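Read-outs throughout are calculated quantities, based only on the coordinates presented, and are distinct from any laboratory measurement. Since this is a predicted model, take the numbers as computed values, not measurements. Cβ placement follows ideal geometry from the backbone for every residue including glycine, while neighbour counts extend to all protein chains displayed.
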There are 2 protein chains.
Amino acid sequence: MTTRRPPFDTDTLYLGAPEVGRLVARVGLADCLAGVAQRIEADFQRWGDFDKTARVASHSSDGVIELMPVADAQWYAFKYVNGHPKNTHIGASTVMAFGVLADVATGAPRLLAELTLPTAIRTAAMSAVAARALARPGSRVMALIGNGAQSEFQAIAFRDLVGIRTLRLFDTDRRATDKLVRNLQGQGLELIVCASGAEAARGADIVTTVTADKTRATIVTPEMLEPGMHLNAVGGDCPGKTELHPEVMSRSAVFVEYEPQTRVEGDLQQMPADFAVTELWQVLAGRATGRTGADQVTVFDSVGFALEDMSTLRFLMDTARELGIGDTLQLVPRLSDPKDLFATIGRAEPHATPPSRFQVVAPTRAQRA
Amino acid sequence: MTTRRPPFDTDTLYLGAPEVGRLVARVGLADCLAGVAQRIEADFQRWGDFDKTARVASHSSDGVIELMPVADAQWYAFKYVNGHPKNTHIGASTVMAFGVLADVATGAPRLLAELTLPTAIRTAAMSAVAARALARPGSRVMALIGNGAQSEFQAIAFRDLVGIRTLRLFDTDRRATDKLVRNLQGQGLELIVCASGAEAARGADIVTTVTADKTRATIVTPEMLEPGMHLNAVGGDCPGKTELHPEVMSRSAVFVEYEPQTRVEGDLQQMPADFAVTELWQVLAGRATGRTGADQVTVFDSVGFALEDMSTLRFLMDTARELGIGDTLQLVPRLSDPKDLFATIGRAEPHATPPSRFQVVAPTRAQRA
């Protein structure tokens, strides 16, 4: 039953943490943010092409592990991602992620990539895409509340893609703010360190919240709202983890990525089931209005949707191929006869026990049922 | 903000297709089947410990891609697996799979392994575990209908773990049967090639169906049933893909892995929502009766459940460590400061553009929203 054709190519392009770091460094963070933003925007505009699912989460006492699948006619993508706020206490990241692109036509995995750094990039790119569509034109001042691993990416994305020039910074951990200030030196941004979230929000055109605690926090209270503000609420992204006071939500026009998921995970989880929201893709595709006036407060209740990761995985694959970055993995077998998986055992190891000498389990054991 | 402790270890053990093939060859298929069966049985007996979810499937015209997560207090596991029956036409496998084990406490991925070959092993091991609990004691003759990639594994598992000595073979593709006969030479099994499924089933104690077509097939019809038969129905495992005539189901005692998933995917999908089934773990844990008499027909409506893959991944990890097989991947970054993901960009490439020279996207583009 030998087939005549060459074995089906099952190679998977592999981009581990060092390779992804190299890719981002070669392209430059700003261009990565712009490239990912462009792909997210294009993909959101063809929203109907995708087979969408709310992510599947497994919660434990210390965190959550999620799988985020999405597919169109050509590509299937999924991301594995965790969220463990206490990880920083043992020197580990709050968020770690990797993802896969596979051929819909055959199921063959084509790319396996580290997505921790790319998740930070795509989250910031998504925020900037939303703010371009929702914030007041001419927004220049942004409060950045939560100065952890995601904050630099938000800063650069909003500088380049939205036009932010001044950042008002606050974190409950002052060392996180110091690190952010250090990392943003020489980036053409005015940095103002504030003593509280309320102080940071004062006079800001945009308020970005990227806090990590898995609690019902109220990082933004109604008193902090100013007419025309845009709130980019990134940190409230899982059940029991919120950042906005419910009244902030009820006083704003709220925009979401994928409504079924945000109802469960976003700041929206605090609101009644019939609280009206608009899916952002409708604004990007010109099917719905974003901001309706200069005084309106808008909220992007961001939780992170699988499509953003698919956009990012495709950006990584195209860029890696262009730059010649990455290794090849044999993550699944390459078979000369696809109906003969059994043959792979004999072939795997020249010194292997041949099939005719498989050890037979003792009858007493075989019969024990 | 430099931390004093060493960076958190984020290494992932990697077992690609060559490594898994080598591992199975070194251990021997029979011992792999026995080892995986033992772990499945032990895990099914502590069923209540697991956070269970029906798998998440993405269907396309040619196949399906699924993610299968499960967790206990220590481990989170998931498998990626496709099912594309037409793949064999282009020389590719119907099923390709890989999976991950991660720490529940931190979310760090600890094992990435090819699971195509292990899926065949665990499916056969699961079938044998079920048959030991459900088939008549002293079962010696098995019909094996569907002689593709999974069939050798079923044959060896039932030989060693159930005591089968005679196989009655049938496949619509005669070359598949020829391959199976070739692969099973010298394995101590009497092999009888039959002209139809009905002929194969005649006089069999156990009828195993492992067919691949994604259709509503009736591989086993009511006329084929004989008193006391056990049906091991493996191939009907996704919506629209069945192997048993509904009347075969209604005349049998039906056992399933995880009822919510089997209602949608198994041969059970053909039956009314209130059709009674028993979850197999209850039989294994002594909480429910299996077969109630020598003349009863029993059905194991197998679809494959995530827990079987977790049992298998743990077997692979323990065995790989014992044998020193596998590589290490840096699938997620190792950070000296977990709140400073941004720092990884600069470190990744000595010749990288430093952060101060990030290209700024042209204002016209930045302002276009």
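Tabulated values for the structure
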{"item": "Label spacing, shortest first and in nm, from A:ARG321 to its equivalents in the remaining copies (7 angstrom along Cα→Cβ)", "result": "3.9"}
{"item": "Nm distances between copies for A:ILE192, ranked from closest, using label points 7 Å along Cα→Cβ", "result": "8.9"}
{"item": "At 1.567 mPa s and 4 °C, Stokes D of the stretch A:16-158 from Kirkwood alpha-carbon radius, µm² per second", "result": "77"}
{"item": "Too-long pairs where the Cα-Cα distance tops 24 Å, listed order kept, from B:LYS52/B:LYS86; B:LYS52/B:LYS339; B:LYS86/B:LYS241; A:LYS79/B:LYS339; A:LYS241/B:LYS79; A:LYS52/B:LYS339", "result": "B:LYS52/B:LYS86; B:LYS52/B:LYS339; A:LYS241/B:LYS79; A:LYS52/B:LYS339"}
{"item": "Whole-number Å³ per residue for the convex hull built on Cα positions in the stretch B:1-86", "result": "217"}
{"item": "Rg and Dmax [Cα atoms of the stretch B:225-273; Å; Rg one decimal, Dmax integer]", "result": "10.3, 29"}
{"item": "Within the stretch A:241-273, backbone nitrogen closer than 17 Å to the virtual label 7 Å beyond the Cα of B:VAL264 toward Cβ", "result": "A:260-261"}
{"item": "The stretch A:135-304 - Rg (one decimal) and Dmax (whole number), Cα, Å", "result": "15.0, 46"}
{"item": "Amide hydrogen neighbours beyond the local backbone of B:LEU231, cut-off 5 Å, H modeled", "result": "B:VAL207, B:THR298, B:VAL299, B:PHE300"}
{"item": "FRET E, pair B:ASP274, B:ARG216, Förster distance 35 Å, beta-carbon r, rounded to 0.05", "result": "0.95"}
{"item": "Residue of A:ALA25, A:ALA125, A:ALA143 that the Gaussian network model of chain A assigns the largest fluctuation, springs spanning Cα pairs under 10 Å", "result": "A:ALA25"}
{"item": "Cα gyration tensor, the protein assembly as shown - rounded (a/c under 1.5), prolate or oblate", "result": "prolate"}
{"item": "For A:GLN38, label point 7 Å along C-beta direction: distances to other copies, nm", "result": "5.7"}
{"item": "Amide hydrogen neighbours beyond the local backbone of B:ARG140, cut-off 5 Å, H modeled", "result": "B:ASP205"}
{"item": "In order through the stretch B:20-27: 3J(HN,Hα) via Karplus (6.51 cos²θ - 1.76 cosθ + 1.60), integer Hz, x for Gly, Pro", "result": "5, x, 5, 4, 5, 5, 5, 6"}
{"item": "Directionally averaged shadow of chain A, computed from the convex hull of its alpha-carbon atoms, nm²", "result": "24.4"}
{"item": "At 1.306 mPa s and 10 °C, Stokes diffusion of the stretch B:186-231 via Kirkwood alpha-carbon radius, µm² per second", "result": "131"}
{"item": "Sparse-neighbourhood loop sites, trypsin sites (Lys or Arg not before Pro) in the stretch B:198-278 - DSSP loop, at most 16 other Cβ within 10 angstrom", "result": "B:ARG202, B:ARG251"}
{"item": "Dipole axis of the stretch B:157-276 (+1 Lys, Arg; -1 Asp, Glu on Cβ), positive-most option in B:GLY186, B:LEU161, B:GLY240", "result": "B:GLY186"}
{"item": "Global form of the stretch B:139-227, assessed from the alpha-carbon gyration tensor, a/c cut-off 1.5", "result": "oblate"}
{"item": "Distance between modelled label sites at B:ALA195 and B:ARG251, nm, 7 Å Cα→Cβ extension", "result": "2.3"}
{"item": "The stretch A:259-339: mean projected area of Cα convex hull, nm²", "result": "10.9"}
{"item": "Whole-Hz couplings from phi, Karplus 6.51/-1.76/1.60, listed for the stretch A:252-264; x for Gly and Pro", "result": "10, 8, 10, 10, 9, 7, 10, 3, x, 7, 5, 4, 8"}
{"item": "Centroid-to-centroid separation of the stretch A:239-299 and the stretch B:203-230 [C-alpha atoms, Å]", "result": "53"}
{"item": "In sequence order, calculated HN-Hα J values of the stretch A:122-128 (Karplus, 6.51, -1.76, 1.60; Hz; x Gly/Pro)", "result": "6, 5, 5, 4, 4, 4, 5"}
{"item": "Cα long-axis angle, helix B:151-161 against chain B (0 to 90 degrees, to the nearest 10)", "result": "70"}
